[in-house]
Amino acid sequence: KKKKEEEANATPAVTRLKKRMSATEQPSVIMEGDSAENSEDDSDDGEAAKAAEASKAAEEAKKEEEARIAAEKKAAEDKAAAEAKAKAEAAVKAKAEEEAEIASREKAAQEKAAQEKAAQEKAAQEKAAQEKATQEKAAQEKAAKEVKAAANADEAAKAAAAAEADIPPLPPTIATDASRSTYKYDELVQMKAKRSYPEGVDAAKLEMYLTDDDFQKVFA
């Protein structure tokens, strides 16, 4: 502002020279005074230029300082943003690893449970198969016994029928004597074959009527 005021108030050297020549002063004096004024004007112009340069340098320094501060601020913000991003990524990674670990443990537990269940089912199937085999074997043995018993019964019936054809009639003393309490084995066989028993003889318990000697022979 001071520089502008000085420039506005400044009078060109030629104009001042003309004014002085028109005055009553001598030209030599005027020239001398004009030279002094010119020297003062040049000094003022130099100082103004230096001031302008200083102002410009100060402005440039201020701008550089502001640019430096802005750059440092941006660098700090970028660093903070990078650290925040890295921290967030690390947190996400840690969470993902934790979830993966949990999933892995759950999968292992499920596989173990499945293996245990499969083993239990296999054991149950083997046990059922073994029991079934045992039952089938028992049923076969029972059937074989029944078949054998039936065969024996058939053979016994055939033998009894054959014997009945060859057995002579019971002596009258056997059929009518109710005073006897024991009989020989052959006599009881004849009674059973003829289905004719003395009075007082129980056909379902013929062994009770054997003599002692025949009982020992038959059931020894």
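The values are calculated or read from the model by the stated rules, or taken from the named source; none is laboratory data. On a predicted model such as this, the values are computed, not experimentally measured, just so you know. Virtual Cβ from ideal backbone geometry, glycine too; neighbours counted across all protein chains shown. Surface accessibility is based on the protein's heavy atoms, side chains included, excluding ligands, DNA and RNA. Shrake-Rupley method; radii C 1.70, N 1.55, O 1.52, S 1.80 Å.
Structure summary
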read-out: Breaking point among (1) over 60 Å from the mean Cα position of the chain (by Cα); (2) modelled with pLDDT of 75 or more; (3) open to solvent by 50 Å² or more (accessible area, probe 1.4 Å), for Lys137; value: (1)
read-out: Options Asp34, Asp78, Asp44: the member that is surrounded by 10 or more Cβ atoms within 10 Å (Cβ to Cβ) and at pLDDT 90 or above; value: Asp78
read-out: Test: residue in the range 161-168 that is modelled with pLDDT of 90 or more, open to solvent by less than 80 Å² (accessible area, probe 1.4 Å) and among the hydrophobic types (A, V, I, L, M, F, W, C); value: no
read-out: Residues satisfying the stated conditions in the range 186-220, i.e. among the hydroxyl-bearing types (Ser, Thr, Tyr) and part of a helix (DSSP H, G or I); value: Tyr209
read-out: Some residue of the range 152-160 being closer than 30 Å to Glu199 by Cβ, touching a helix residue (DSSP H, G or I) at 6+ places or on another chain (Cβ under 9 Å) and modelled with pLDDT under 95; value: yes
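So that you can scan it fast, the table gives a plain yes or no per residue for (1) part of a helix (DSSP H, G or I); (2) open to solvent by 60 Å² or more (accessible area, probe 1.4 Å); (3) over 30 Å from Lys1 (Cα atoms); (4) touching a Gly at 6+ places or on another chain (Cβ under 7 Å):
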{"site": "Ile69", "(1), (2), (3), (4)": "yes, yes, no, no"}
{"site": "Lys85", "(1), (2), (3), (4)": "yes, yes, yes, no"}
{"site": "Lys95", "(1), (2), (3), (4)": "yes, yes, yes, no"}
{"site": "Ala114", "(1), (2), (3), (4)": "yes, no, yes, no"}
{"site": "Lys117", "(1), (2), (3), (4)": "yes, yes, yes, no"}
